[in-house]
Amino acid sequence: VKRRRREWEIALGSFLDLGFWLVCAAVMLALPLIPGRRTLRFGLVNLAALGFLFGWQAAVVALGFAVVFNGVLLLSLHLLGRGDTHPSGVAAKRTSIALVGILFPAFLFVFHKLAMEHPAFVASTPRAQLIIQLFAALSFSYIALRCADMAHCVLWKRADLLDPLSTAGFLCPFHMILSGPVNRYDEHVKMNDGPAPALTAWVGLLVLNDITTGILYKYVIGETLRIFAFGIDEPMRAATWLDTAILFIYMFFDFAGYSRVCLGIGRLIGVPTPENFRAPFLASTITEFFTRWHMSLGAFIQRNIYTPLQLHLVRRWGLRRAIWGGLTALFFAWIFVGLWHRLSVHFLTYGLVMTLVVWLEKLVRDRLLKTKWARRPALTWLWRAAGPVYVFVVMTTVLHLLVITEILRV
Amino acid sequence: MNGTTQPASRGAIALIIAWIVLKVLLIVLLAHQDVAGFLYAGF
């Protein structure tokens, strides 16, 4: 298991490894040669890529998981279909929604998170190690999010259900398997609507630009910052506020660099890969910051938690209490974001604090918009300059007080 | 998908190519722990 884990780690962090890029080139060249729908073609080639990069077991697990998940969705669709005409349809609908939309991904997700919180138990039980490794691979946070997005699209929004091979390509794309981004099911299905975008010289240039920027961010700027701040082969630490501030900048270059490389590969092979970062340190409010930092997670939360919940609550409670509907939706969205990172009290508190900060910003903004002086151009310019400092200080303080130690533990 | 795919002017293309070449040079020179370590020790 240890050897396997080590191989995963080596392969997953290997944007500097020639082997990874040979696989990317092979995927790009193989995709147009295979007949059939584009999602199916990518699903097939992706399995081969997973096999080359992480071993044939990984490809088998990805396909097996996709078959099971597709089966559960098909069953749910069947139950939902019956629900349209049969009096007992409501119960069937509720059961299937609970089964697929909540229980199935949630079970795997919680299992994985618990295994992360109790490594001693996993290490002491050889059989548990194997089972938990398997579940950990299946329920890896990003795969759980993709499952929820797919279930939401297929069961609620009546999107087409893809075949298991295509599903494996959506849930476990080889270039987005480690740290996202969270790709969208509806975008993935749209691949079948037309031919792959042509790889012109201009697109090739954009691809090169994305990939070189990503590698420069992650391996040059991020790593140099880490080495200068903490030393070579020294563990990163967050003893002081300044340490956390450096770590915050390091996390940006590391994660944004990784995401940018994924974006470039997605463009290269014609697979929808969402943008994940857009100059977050230029944001002038915390609310704006989270529309620029880990954007694909923010978009997932908006699509699958915040907007549906807010709409539901406004319909239920009426327009006069719309503000409370918004606050409740915000609260659950942030609690989810907190616990998605880790099942811990610290991350729960992080979610609560962020709800409060975003809500306070909304109150202040609404109040200020009513006054004339707040809309003066000079004041707007001043806030554009001072806002990023406020965001950086608040975010670093929250990270330092609540979660940085747990982030470093990962 | 993924922002603009519209071709740009010749000047913009030349600028992007120069930027890519600069990044590749920086990566080749610096994206290696030994090089970063050498700089760190020198610093």
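The trypsin sites (Lys or Arg not before Pro) found in region A:342-394 that occupy coil by DSSP, while having at most 16 further C-beta atoms within 10 Å, are A:370, A:372. Calculated from the alpha-carbon coordinates, region A:176-215 shows an Rg and a Dmax of 13.0, 32 Å respectively.
Restricted to Cα atoms, region A:268-410 shows a radius of gyration and a Dmax of 16.9, 51 angstrom. For the chain pair A and B, the buried solvent-accessible surface (1.4 Å probe, both sides summed) amounts to about 2200 Å². For region A:156-234, applying the loop criterion from DSSP together with a ceiling of 13 other beta carbons within 10 Å to the trypsin sites (Lys or Arg not before Pro) yields A:157, A:158.
In this structure, residue A:320 and residue B:8 have a Cβ-Cβ separation that, at R0 = 60 Å, corresponds to a calculated FRET efficiency of about 0.75.
What average count of beta carbons from other chains do you get within 10 Å of the Cβ of residues in A:205-212?
5
Extending 7 Å from the Cα toward the beta-carbon at both residue A:380 and residue A:77 defines two label points whose distance is 4.9 nm. With viscosity set to 1.567 mPa s at 4 °C, what whole-number translational diffusion coefficient in µm²/s follows for region A:286-357 from Stokes-Einstein and a Kirkwood radius over Cα pairs? For the chosen part, D equals 103 µm²/s. Modelled this way, with points 7 Å down the Cα-to-C-beta line, the labels at residue A:393 and residue A:29 are 5.6 nm from one another.
Inter-label distance, residue A:17 to residue A:230: 2.2 nm, where each label sits 7 Å from its Cα along the C-beta direction.
Measuring nothing but protein heavy atoms, the accessible surface of region A:193-306 at 1.4 Å probe radius is 65 percent carbon and sulfur. Among A:273, A:291, the sequence by solvent-accessible area, most first, with a 1.4 Å probe is A:291, A:273.
The values are calculated or read from the model by the stated rules, or taken from the named source; none is laboratory data. As the structure is a prediction and not an experimental result, all values here were calculated from the model. Using ideal geometry, Cβ is built from the backbone for each residue, glycine included, and neighbour counts are taken over all protein chains shown. The area values use the complete protein model at the heavy-atom level, side chains included, leaving out ligands, DNA and RNA. Shrake-Rupley method; radii C 1.70, N 1.55, O 1.52, S 1.80 Å.
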